[in-house]
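Working notes, beginning with the structure itself.
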Amino acid sequence: MAKDYYSILGVTKSASKEDIAKAFRKLAHKYHPDKKGGDETRFKEISEAYSVLSDSKKKAEYDAYGRVFEGGGSGGSGFGGFGAEGFDFSNFSNFSGFQGGDFDIGDIFGEFFSGGRGGSRTRRGRDISIDLEISFRDAVFGTERNVLLTKTSACDACGGSGAKAGTAMVSCGTCNGKGKIHETKRSILGAFTSVRVCETCLGTGAIPQEKCAACHGQGILRKEEEVRIGIPPGLESGEVIRLSGRGEAVKAGVAGDMYVKIHVRPDPLFKKEGTNIVMTLDLKLSDALLGGSYTVHTLDGDIDVTIPPGISHNEVLRVRGKGIPLGSHRRGDLLIRVRITIPNKLSKKAREAINQLRSEGI
C-alpha cells in the first residue's frame, strides 16, 4: 500500500512549501534518533515524506500516481536511500530544501550533534499566577486593584543593566562582544558548527565595567512590587486576566507574564445571567392582585417599579439598560422576578374578604 506522505507530515494536499517545511522541522526535532525519546523509524518516515513533498516534480508525480518512480522527479536529488544501516545523509549537499530556501540544517541536526544552537532562543522569566476576589458590582462594572507582590524584578538602581550608576558597559572578553560562542565539531556526517549564548554576558555582548551594588551586577533582584490590575466589566468568576511582562524578570531577557484568576463573591440580591442581571422582588398578595409601586434597589441606585394588577408568581419585569455593560453606551437589562408571598395567618376581616373573592370565582 502506498504511503500517505501528507498524513505522515500532518498536512493537507493544499499545504504550501512553507507549511510542509514547518511540519517536517517540528517532527524532525521530536523524533530524531539522537534525541532522548526519538524514534529512528518514524524519523526515516517523515524524512522520506519531506523529500518527496518538498520537491515540486516529485510531489506532482506522487499526487498523480500515489508514488514516485525510480529516477523520477528531480533526477534523484534530495535525500538518499533508507538502507539497513539507517538514514542516508549522503545527498544533503544536493537537497535544495536545506540551502537557505526553507531553513538551515543546523536548526534541526546541529542541536543533536553539537549541543544545540542556543543563540536563537531568548531568555524569559517565569510566569506567575495569583487569585483575586472581587465583589459582584466590581465584576459588572469593572475596576482596578493594586496588589503587592514579592517577585524578581529589574533593579531600580541600575535599570536592569547590572552596571553601577554613572559607569559604562564594556565589551565581553569571552565572546569578543558578539554575545555568542561559535564551536565547530566534526562527525561522520562532516563538520557541524553550533552557536551558543555566551555564559558570561548572557548574549548581550557587554558586561558592567563596575557592578551595581544593589543587585551585584545581576540587573535583577527579589523585591516587593505593587502591580495595578485593570479588571474589565462583565467578568465571570473563574476567568483569567493575563498581564504581559509582569511576571518574574530575568537577566538579559524578557520578563514572564502574570495571570490573575478572578473570583466573584456571590451577591445576596443579584445574579448574572448572560448580559442581564437578575433579582427577586417579594410582593404582597394584595399588590399582586391590585398592583402598586415598589422602590427597588439596583446596582445603579434605587428606582421605582410599577407593579401591574394581576401579576403572576415568577413573572418577570424587565428594566432596560440596567444590566451588564456591553461596550460604548450599551448595557443588558435588569430582570425582576416576582415572588408573591402568602401570609401564614389571616385576620378575621382578611379571611372574610378572601371568602368573598372565592364566592366570586376569583
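The values are calculated or read from the model by the stated rules, or taken from the named source; none is laboratory data. In this text the structure is predicted, and so the values were computed from the model without any measurement. When we count neighbours, we look across all protein chains shown, and the Cβ atoms used for this are built from the backbone with ideal geometry, even at glycine.
Of all the listed residues (358, 337), the sole one being loosely packed, with under 10 Cβ neighbours inside 10 Å and among the basic types (Lys, Arg) is 358. In the condition set (1) closer than 19 Å to residue 285 by Cβ; (2) in contact (Cβ under 8 Å) with a residue 24 or more places away in the chain, residue 306 is compliant with all but (2).
I need the strands (runs of 3 or more DSSP E) fully contained in the range 189-281, keeping only those with at least 1 residues that are hydrophobic (A, V, I, L, M, F, W, C) and over 30 Å from residue 168 (Cα atoms).
Ranges flagged: 190-197, 220-231, 240-243, 258-264, 270-273.
Let's see how each residue does on (1) touching a helix residue (DSSP H, G or I) at 6+ places or on another chain (Cβ under 7 Å); (2) without any contact (Cβ under 8 Å) to a residue 12 or more places away in the chain; (3) over 17 Å from residue 249 (Cβ atoms):
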position	(1), (2), (3)
168	no, no, yes
173	no, no, yes
186	no, yes, yes
199	no, no, yes
212	no, no, no
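Just one of (1) at pLDDT 75 or above; (2) more than 30 Å from residue 183 (Cβ to Cβ); (3) in contact with a Lys or Arg (Cβ under 8 Å, 6 or more places away or on another chain) fails for residue 11. It is (3). Just checking, how many residues over the range 286-307 are closer than 17 Å to residue 333 by Cβ and hydroxyl-bearing (Ser, Thr, Tyr)? Final tally of qualifying residues: 2.
Of all residues in the range 249-288, those that are within 17 Å of the chain's Cα centre (by Cα) and either surrounded by 18 or more Cβ atoms within 10 Å (Cβ to Cβ) or among the small types (Gly, Ala, Ser) (or both) total 6.
Restricting attention to the range 24-51, the residues that are in contact (Cβ under 8 Å) with a residue 24 or more places away in the chain and either in a helix (DSSP H, G or I) or closer than 20 Å to residue 67 by Cβ (or both) add up to 14. Name the residues in the range 333-361 that are in contact (Cβ under 8 Å) with a residue 12 or more places away in the chain and not polar (S, T, N, Q), would you? Within the range 333-361, 333, 334, 335, 336, 337, 338, 339, 340, 342, 343 qualify. Checking each residue in the range 302-338 for being modelled with pLDDT of 90 or more, basic (Lys, Arg) and in a loop (DSSP other than H, G, I, E, B) picks out 320, 322. None of 345, 322 is of a type outside the set (S, T, N, Q) and more than 23 Å from residue 135 (Cα to Cα) except 345.
Is there a residue being at pLDDT 85 or above, under 12 Å from residue 9 (Cα atoms) and part of a helix (DSSP H, G or I) anywhere in the range 52-65? Yes, that holds for at least one residue.
Per this entry, residue 211 is counted among residues that are over 30 Å from residue 146 (Cβ atoms), of a type in the set (D, E, K, R) and in the same structural domain as residue 171 (by TED's automatic domain parsing).
If I filter the range 312-332 for residues that are among the β-branched types (Val, Ile, Thr), more than 30 Å from residue 245 (Cβ to Cβ) and in contact (Cβ under 8 Å) with a residue 40 or more places away in the chain, do I get at least one hit? Scanning the range 312-332, I find no residue that is among the β-branched types (Val, Ile, Thr), more than 30 Å from residue 245 (Cβ to Cβ) and in contact (Cβ under 8 Å) with a residue 40 or more places away in the chain, so the answer is no.
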